[in-house]
2 protein chains.
Amino acid sequence: MHNLTINGERLWQTITQTAAFGAGPDGGIRRLTLSPEDKKVRDWLREQCEAIGCSLKVDTVGNMFATRPGTREHALPIAMGSHLDTQPTGGKFDGILGVLAGLEVLRTLHDAGYETEHPVMLINWTNEEGARFAPAMLGSGAHAGVFDQAFVDSRLDTDGVSFAEAIETIGYRGETPLGETSLAAMFELHIEQGPVLEREDIEIGVVTGVQAMRWYDLVITGQEAHAGSTPMDMRCDALADAAAIVLGAQDIARKLGGMATTGQLSINSPSRNVIPGTLTLSLDLRHVTDGGLDSLEIEVTDLIRKQCGKRAHLQTVWISPAVHFDVDCIETVRCAAERLGTSRRDIVSGAGHDSVHVSRIAPTTMIFIPCKDGLSHNPAESARKEHCVLGAQVLLESIILHQSSAGI
Amino acid sequence: MHNLTINGERLWQTITQTAAFGAGPDGGIRRLTLSPEDKKVRDWLREQCEAIGCSLKVDTVGNMFATRPGTREHALPIAMGSHLDTQPTGGKFDGILGVLAGLEVLRTLHDAGYETEHPVMLINWTNEEGARFAPAMLGSGAHAGVFDQAFVDSRLDTDGVSFAEAIETIGYRGETPLGETSLAAMFELHIEQGPVLEREDIEIGVVTGVQAMRWYDLVITGQEAHAGSTPMDMRCDALADAAAIVLGAQDIARKLGGMATTGQLSINSPSRNVIPGTLTLSLDLRHVTDGGLDSLEIEVTDLIRKQCGKRAHLQTVWISPAVHFDVDCIETVRCAAERLGTSRRDIVSGAGHDSVHVSRIAPTTMIFIPCKDGLSHNPAESARKEHCVLGAQVLLESIILHQSSAGI
């Protein structure tokens with residue numbers, strides 16, 4: 001047994017300090033990937049890591065790997081981390097908490113002179129948010145072999161600046177080849193970005209995986225007609241169809257234990273006194289299992305066909321299968337929480353994270369802490385200090401515990 | 001009894017001929033109020049009227065009054081007409097049919113040397129559509145005292161050009177004071193702009209009035225949240241509320257014999273994987289009677305309150321009471337249709353027309369003919385030649401018949 005305790009004040013101070021990189025007037029953060037603000041926070045992180053004797057490598061898409069050596073030769077590193085970029089109007093916790101908690105773990109080990117068999121590594125993945133360069137989780141995806149160098153370099157932001165130009169501009173094109181850094185395990189601490197832990201008053205979420213998700217665009221064609229001279233029973237109202245589908249899909253999702261969301265709905269040529277003729281809406285379906293999502297998709301497709309017949313055109317735009325995290329890593333986090341006597345529950349992430357890609361090539365899991373009102377991607381995003389500190393302690397405990405279970 | 005018959009070929013030829021003023025490549029017409037195209041069709045109309053001995057007056061908002069003298073001194077004119085302007089992508093019949101049919105009536109009377117006791121007048125009202133200058137029905141409203149000269153002159157188009165500038169530019173500011181021209185009666189022939197006559201295979205609609213209408217904006221505030229991490233039972237989804245209200249209002253309208261339409265719906269900051277937090281939608285409620293519309297409004301308001309409580313803000317943006325046309329004029333059209341042996345039904349207009357304003361100061365009614373699929377304000381707007389000819393014949397018959405019933 002060890003008696004390592006992370007320094008909560010120091011952790012909180014780094015959260016406050018890094019919030020200056022891209023701070024907006026409303027308390028929010030705008031720190032887009034490879035922007036000058038991103039460079040500042042990256043330089044700061046490099047400095048902090050080197051100050052405690054860690055060596056830093058940067059790969060060819062800007063992923064940063066800081067390593068504290070272990071005692072066993074050839075042992076693969078046990079990694080922590082997340083991402084430093086934010087949404088255009090993001091907050092102080094999404095992503096960066098996982099990096100700063102990892103830094104705090106490194107500092108705690110350093111201060112105590114604590115030796116681990118495995119190297120302990122802190123990672124900052126490039127462009128998790130996808131807000132400047134689509135798609136999201138680009139850096140971790142490139143590391144895991146999902147995207148190649150040419151694809152990443154060719155991504156364009158809305159000003160037409162390529163990823164390649166942007167990374168050269170801030171000087172974060174490293175020399176470490178993509179995927180060269182193998183990991184014994186990866187633990188990512190993150191705010192939940194949902195309301196479950198807060199509502200249930202639970203401190204730690206042990207993340208067993210990520211929901212399966214499918215995104216669709218649905219175009220419904222009705223008949224534009226005059227709102228005053230077209231009797232109710234002679235209408236072909238695309239919005240009435242859409243309303244029935246939005247509500248119906250949500251009913252089906254409730255019944256099957258999944259989720260259905262329409263976040264975008266746009267009437268073509270909308271006019272106050274014209275019955276909508278054509279509209280487009282998005283459909284986001286999720287379920288903990290791929291089979292559950294199959295059932296959800298079948299019932300929703302059936303609903304659309306019954307409502308609109310051939311007047312509806314449904315197109316799948318993205319598919320993400322369910323992710324099941326590594327059972328040993330999950331068990332490690334459960335034990336860590338157990339030892340610390342925190343309240344905990346298993347939870348399935350509804351959002352995508354770098355760990356989804358990393359889990360393809362290394363044993364991976366995540367640790368969630370509650371966030372205020374489940375809010376994220378918003379200046380009002382907030383997490384309580386004691387939860388951040390506890391999350392970092394669970395992370396530390398997991399790293400120590402996992403030393404014994406990880407293969408060397 | 002007379003044996004006057006309008007010249008259907010000549011009428012149809014004028015429809016084809018005037019469609020050249022503002023013709024687009026798709027068969028549609030773009031003839032915005034006081035545009036160069038509007039000047040061309042006005043010049044053409046003036047020429048046609050003067051060629052058959054009618055005198056033309058133009059008032060200070062550009063309304064055109066062509067008069068064929070009657071035999072009785074001081075008898076007020078019995079008027080026909082409608083408007084020559086179109087929507088930006090309008091058709092060949094909306095408005096202009098009523099003017100051209102009136103011209104055909106004047107020509108028929110002229111050719112036959114037929115004398116009427118009352119003068120017979122043809123009117124072109126300025127800016128019925130409201131597409132260039134808001135509000136709609138501006139010229140007839142000014143004539144009826146609803147709008148004053150300064151208000152009309154100050155209207156701006158989207159390029160910042162005022163009505164005053166535009167009317168001077170095309171030289172159609174006349175000298176006749178607003179409202180000086182009193183009328184014994186007004187008959188406006190128009191396409192139905194709805195599907196009822198076509199579906200019921202009826203040739204003539206005897207228009208008894210115009211529905212009461214109220215327009216509202218509804219703002220619904222929910223809670224923006226992540227689509228993946230917010231369980232279905234922890235959501236406050238503004239779009240789900242909106243969908244329930246759109247469908248519920250339509251159910252209430254069906255039950256009460258009215259109409260409910262949402263033509264605009266816009267989610268604030270829409271994103272595919274974000275539960276909509278705030279949205280705005282329009283609500284257009286109509287009923288044949290003001291009392292019916294009151295009931296409709298009460299039930300819909302109640303529905304909104306039950307669905308959203310204080311999260312909904314409903315604002316009335318426009319009210320138009322029910323209009324009941326003149327019973328004698330209506331009876332005249334019924335008799336005219338009866339004499340001609342056409343199929344006919346009473347109908348209440350769902351759309352606004354110049355006759356709404358004119359009915360405030362003179363006995364007024366309208367005559368509808370079917371249009372294809374109920375479409376208007378669209379290049380595909382279409383009416384059958386035999387219905388146009390029949391509508392003009394009913395108009396002629398009504399003018400002749402009304403001679404005897406109109407006060408001198």
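Between Rg and the Kirkwood Rh of the range B:105-180, both from Cα atoms, what is the Rg to Rh ratio? If you can, show how the numbers build up before the last one.
Values: Rg = 15.8 Å, Rh = 14.3 Å.
My calculation puts Rg/Rh at 1.11.
Taking the Cβ-Cβ separation of residue A:43 and residue A:23 as r and a Förster radius of 22 Å, what is the calculated FRET efficiency to the nearest 0.05?
Working: r = 16 Å, r/R0 = 0.75.
Computed FRET efficiency for residue A:43 and residue A:23: 0.85.
Sort A:15, A:96 by Cβ crowding within 10 Å, fewest neighbours at the top. Kindly include the intermediate steps, with their values, before the conclusion.
Working: A:15 18, A:96 26.
Least to most surrounded, the residues fall as A:15, A:96.
Once the Cα atoms are used to define both axes, helix A:238-256 deviates from the longest principal axis of chain A by about 50 degrees.
Debye-formula intensities of the protein assembly as shown, expressed as log10 I(q)/I(0) at q = 0.06, 0.08, 0.10, 0.11 Å⁻¹, are -0.54, -0.76, -0.96, -1.08 (one equal scatterer per alpha-carbon, no solvent).
Take each residue of peptide B:102-108, count the partner chain Cβ atoms within 10 Å of its Cβ, and average: the result is 0. If you look at the Cα atoms of the range B:241-283, you get an Rg and a Dmax of 12.5, 39 Å. Legend: residue pairs A:39/A:92; A:40/A:92; B:92/B:385; A:306/B:372; B:40/B:92; A:92/A:385, Cα-Cα distance threshold 19 Å; pairs beyond threshold, A:306/B:372.
Would you mind computing Rg(Cα) / (2.2 N^0.38 Å) for the range A:212-320, counting N as its residues? Before the final figure, lay out each step's value.
Numbers: Rg = 14.7 Å, N = 109, 2.2 N^0.38 = 13.1 Å.
Working it through for the range A:212-320, the quotient is 1.12.
Computed over all pairs of different Cα atoms, the Kirkwood value for the hydrodynamic radius of chain A is 22.6 Å. Rounded, prolate or oblate: which fits the range A:1-55 when a ≥ b ≥ c are the square roots of the eigenvalues of the alpha-carbon gyration tensor, with rounded for a/c under 1.5 and prolate only if a/b beats b/c? Oblate shape, in that a/c is at least 1.5 and b/c is the bigger or equal ratio. If R0 is 30 Å, the Cβ-Cβ spacing of residue B:182 and residue A:268 corresponds to a FRET efficiency of close to 0.05.
In chain B, the longest principal axis of the Cα atoms and the axis of helix B:385-405 are about 70 degrees apart.
Look at B:178, A:183 and count the other Cβ atoms within 10 Å of each Cβ; fewest to most, that gives B:178, A:183. Largest mean-square fluctuation among A:276, A:231, A:77, in a Gaussian network model of chain A whose springs join Cα atoms under 10 Å apart, belongs to A:231. Applying 1/(1 + (r/R0)^6) with r as the Cβ-Cβ distance of residue A:161 and residue A:316 and R0 = 25 angstrom yields a FRET efficiency of 0.25. Here chain B is assigned +1 on the Cβ of each Lys and Arg and -1 on the Cβ of each Asp and Glu. Its dipole about the Cα centre then comes out at about 560 debye. Think of it as helices only: each DSSP H run of n ≥ 4 in chain B is worth -39500 (n - 2.57), and spread over all residues that comes to -11000 deg cm²/dmol at 222 nm.
For the residues of A:347-360, the average number of beta carbons from a partner chain within 10 Å of their own beta carbon is 1.
Start at zero, step by 5 Å, and the Cα-Cα distances of the range A:288-408 spread as 2, 9, 14, 16, 15, 13, 10, 8, 6, 4, 3, 1 percent across the bins.
Highest average first, the peptides A:283-291, A:102-110 ordered by how many other beta carbon atoms sit within 10 Å of their residues are A:102-110, A:283-291.
Shielding of peptide B:274-284 by partners, expressed as the average count of other chain Cβ atoms within 10 Å per residue Cβ, is 3.
Nearest beta carbon of chain A to the A-to-B rotation axis, with distance in whole angstrom: A:243, 2. Between the helical axis of B:96-112 and the longest alpha-carbon principal axis of chain B there is an angle of about 10 degrees. Here the label points at residue B:13 and residue A:7, each 7 Å from Cα along the C-beta direction, are separated by 9.9 nm in the simple model.
Each value in this text was obtained by applying a stated rule to the coordinates, not by laboratory testing. Everything numeric in this text was worked out from a predicted model, so none of it was measured. Note that we place each Cβ from the backbone using ideal geometry, even for glycine, and neighbour counts take in every protein chain shown.
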